[in-house]
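The values are calculated or read from the model by the stated rules, or taken from the named source; none is laboratory data. Keep in mind it's a predicted model, so treat the numbers as computed, not measured. Note: ideal-geometry Cβ built from the backbone for every residue, glycine included; neighbour counts use all protein chains shown. Heads up: the accessible areas ignore ligands, DNA and RNA and are worked out on the full protein's heavy atoms, side chains in. Shrake-Rupley method; radii C 1.70, N 1.55, O 1.52, S 1.80 Å.
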Amino acid sequence: MPTEILAANGAGNYQQWDQSNVTIPEYQNIYQTSLSGAGSDHIHASFNLRTSTYNFADTSAASGNTINSVTLHVVAKEENTANFQFMVDVEGNGTFDDASSIQALTTTLTEYTNTYNDMNGSPWTSTKIDSCEFGVRSSIPLGRGNKALVYAIWV
């Protein structure tokens, strides 16, 4: 079965993370599609429960094709060692799929993934993928004074 890579191409409904390069749209800070392609531009958060979601290029899968899963990739790290965590997240029709586990960040730039076999209990279709927003949500203990840095997000 072929795999398709979709890059961010616009802002989603939630833009709560700050961006390193404010001269370009926020999504352009993270629109790379590989760990090796991650440049210096990024988004970052220092507070708990901050969410940023993005629209992605439409899938080329024909309507009716079987789509076994969707995997969200995030290239990220934390600024200092302070137990910063985040969730990769998918949002569709105003509902977050928070089934993703909270992932602890390290100070090393790392690719994190979460695979979704369905969307809120329903099989994936090209229409559902095209209507979803994908992104990240911060999860940090209070008083840590740390920053999560995200350099790339792709589906």
Fill in the blank from the handout: Residue hits (the stretch 1-51; among the β-branched types (V, I, T) and either over 11 Å from V150 (Cα atoms) or outside any loop (DSSP other than H, G, I, E, B) (or both)) are T3, I5, V22, T23, I24, T33, I43, T51
Practice task
Test each condition in (1) modelled with pLDDT of 85 or more; (2) in a loop (DSSP other than H, G, I, E, B) for R144 and report the one that comes out false.
Solution key: (1)
Handout entry: Members of the stretch 104-141 that are open to solvent by 20 Å² or more (accessible area, probe 1.4 Å), among the hydrophobic types (A, V, I, L, M, F, W, C) and in a strand (DSSP E or B)
Key = A104
Exercise for the section: Would you be able to say whether some residue in the stretch 68-84 is buried (at least 19 other Cβ atoms within 10 Å of the Cβ), over 19 Å from N29 (Cα atoms) and modelled with pLDDT under 85? Expected result: yes
